[in-house]
Amino acid sequence: MRLDNQSARRLFLDRHALLEQPAGPAKGADLLALIQRLGFVQLDSINTVARAHDVILYARRPGFRAKHLKQLYERGRGLFEHWTHDAAMIPMAFYPHWHLRFQRDAELLRKHWRNWRRDGFEAQYEAVLNHVRDHGPASSSDVGKDEKKGSGGWWDWHPSKTALEYLWRSGALTVVGRDGFQKRYDLTERVIEEHLRPGAAPCNAEATISWLCSAALDRLGFATSGELAAFWDTASPAEAKAWCAGQLRLGELEEIEIEQADGKLRKVFTRPGTVEAAAERGPAPGRMRVLSPFDPVLRDRKRAERLFGFYYRIEVFTPAPKRQYGYYVFPLLEGARLVGRIDMKADRDADILRVSAVWPEQDVKWSPARAKRLEAELDRVARFAGLGSVHFTDGWLCRPVLLRP
């Protein structure tokens with residue numbers, strides 16, 4: 001059985017809430033339902049226009065504002081913060097499925113951080129826990145004040161900061177909010193309801209792996225076993241492969257071929273009936289949207305390239321003279337196509353969204369109608385970012401990009 005490229009794109013976008021018109025309520029239970037649909041929202045500290053997590057949610061619900069996520073997270077406790085492939089906001093209902101992650105992170109970090117972080121962090125566990133217990137939620141600046149920080153850069157933490165982070169990653173502490181982008185930690189027993197916490201029930205690794213793989217497939221629509229493992233980044237590739245094989249034998253999965261953007265075929269797993277349902281989905285809305293570089297449809301760069309023919313690599317860690325596009329370039333989605341990318345930044349002092357460059361994709365004609373759609377979207381983005389207007393620098397429209405540098 002085969003799924004053509006256009007149908008595969010629509011299915012993938014639908015699972016990521018991008019096949020529908022960007023509209024609808026964007027706070028409280030409605031915002032939580034959206035994040036549950038996506039699975040999680042990746043966090044990132046870079047704020048050239050707005051934080052990555054806020055741009056992700058705005059692209060789907062234009063009424064969203066950053067305060068809505070903060071309320072849901074810090075007051076409503078509808079979300080918790082931990083790791084998938086990176087730091088993320090995750091629905092609290094999924095918390096029991098992170099018990100296995102806590103165990104695996106504890107084993108991995110004890111081994112890894114002894115060599116990479118700071119010697120002596122394990123000796124600080126009790127002191128850090130006692131500080132939080134006695135003084136309430138703490139940040140890294142509240143512990144280890146007399147300890148010497150190494151000279152290796154931002155990652156070279158002092159022992160108490162390393163202990164604080166370890167205790168969070170292994171489940172003893174929970175992040176309860178952020179000041180700026182600095183995490184505040186509290187005892188898990190004071191934050192997470194008892195029936196959700198580790199120890200409420202034995203950690204069943206097999207059941208957790210099954211949930212992780214099934215939930216990943218629900219959000220991807222179709223995937224290889226490796227893509228399922230990478231989605232939450234807890235199950236190993238071998239565990240995901242075994243799950244797929246077992247579900248295939250039971251008839252709960254089927255193997256199909258997906259047509260890629262270049263016409264080649266790729267074997268993937270999906271649920272029975274997916275191909276027929278995908279063919280019935282309508283077109284994506286024609287409105288142009290600015291996506292975060294960490295949007296769920298782009299987090300797997302190779303998958304986005306195979307499906308959309310869109311080659312994208314973020315260049316924040318690339319020296320400026322070697323950048324092909326810019327420090328933090330936003331992809332542009334129009335319908336079911338990724339049509340280009342834009343380099344822009346909020347100039348807070350001037351109250352302006354400054355657009356430095358737009359690069360159309362190689363096969364995209366930048367017509368006056370398309371330019372108007374972009375201008376309309378940038379006006380909306382400026383309002384979202386709290387800016388008064390949009391300013392295009394001279395020569396902002398660049399030559400179409402190559403698929404690869």
Can you tell me which residue among S45, S7 is polar (S, T, N, Q) and in a helix (DSSP H, G or I)? S7
Of everything in the range 48-74 that's of a type in the set (A, V, I, L, M) and in a helix (DSSP H, G or I), which residue is farthest from F330 (Cα to Cα)? L72
Residue identified as open to solvent by 30 Å² or more (accessible area, probe 1.4 Å), in a loop (DSSP other than H, G, I, E, B) and farther than 30 Å from R10 by Cα among G199, G171, G144: G199
Looking for whichever is of a type outside the set (D, E, K, R), out of contact with any strand residue (DSSP E or B) (no Cβ under 9 Å at 6 or more places or on another chain) and open to solvent by 80 Å² or more (accessible area, probe 1.4 Å) here; the options are L108, L100. Which one fits? L108
Output the residues belonging to the range 340-365 that are open to solvent by less than 40 Å² (accessible area, probe 1.4 Å), in contact with an Asp or Glu (Cβ under 9 Å, 6 or more places away or on another chain) and of a type in the set (G, A, S). G340, A357
Scan the range 11-24 and report the pairs whose first residue is within 20 Å of T270 (Cα to Cα) and whose second residue is assigned to a helix (DSSP H, G or I), with Cβ atoms within less than 6 Å and a gap of 6+ or a chain change. L11/A278; R15/R219; A17/R37; L19/R10; L19/L13
Only one of R65, R61, R51, R2 that is within 18 Å of A385 (Cα to Cα), touching an Asp or Glu at 6+ places or on another chain (Cβ under 7 Å) and not aliphatic (A, V, I, L, M): R51
Residues of the range 366-378 that turn out to be surrounded by 13 or more Cβ atoms within 10 Å (Cβ to Cβ) and not in a loop (DSSP other than H, G, I, E, B), as a count: 7
Taking the conditions exactly as written (among the aromatic types (F, W, Y) and closer than 19 Å to D4 by Cα), does F231 satisfy them or not? no
Taking into account only those residues within the range 19-42 that are part of a loop (DSSP other than H, G, I, E, B) and touching a strand residue (DSSP E or B) at 6+ places or on another chain (Cβ under 7 Å), which is nearest to L298 (Cα to Cα)? F40
Among the numbered conditions (1) buried (at least 21 other Cβ atoms within 10 Å of the Cβ); (2) of a type in the set (F, W, Y); (3) touching a Ser or Thr at 6+ places or on another chain (Cβ under 6 Å), tell me where F181 comes up short. (1)
Filtering the range 177-210 for residues that are in contact (Cβ under 8 Å) with a residue 24 or more places away in the chain and within 19 Å of the chain's Cα centre (by Cα) leaves a count of 4
Have a look at Y125, Y95 and point out the one that is among the aromatic types (F, W, Y), surrounded by fewer than 18 Cβ atoms within 10 Å (Cβ to Cβ) and either in a helix (DSSP H, G or I) or modelled with pLDDT under 95 (or both). Y125
Only one of these conditions is not met by D4: (1) within 28 Å of L212 (Cβ to Cβ); (2) in contact (Cβ under 8 Å) with a residue 24 or more places away in the chain; (3) open to solvent by 20 Å² or more (accessible area, probe 1.4 Å). Which number is it? (1)
Report, by residue number, each residue of the range 249-298 that is within 24 Å of M1 (Cβ to Cβ), among the acidic types (D, E) and at pLDDT 95 or above. E252, E254, E255, E257, E259, D262
Which residues, counting only those in the range 377-401, are of a type outside the set (S, T, N, Q) and over 26 Å from the mean Cα position of the chain (by Cα)? G388, V390, H391, F392, D394, G395, W396, L397, C398, R399, P400
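The values are calculated or read from the model by the stated rules, or taken from the named source; none is laboratory data. Everything quoted here is computed from the prediction, not taken from an experiment. Positions of Cβ are backbone-derived with ideal geometry, glycine not excepted, and every protein chain shown enters the neighbour counts. Surface accessibility is based on the protein's heavy atoms, side chains included, excluding ligands, DNA and RNA. Shrake-Rupley method; radii C 1.70, N 1.55, O 1.52, S 1.80 Å.
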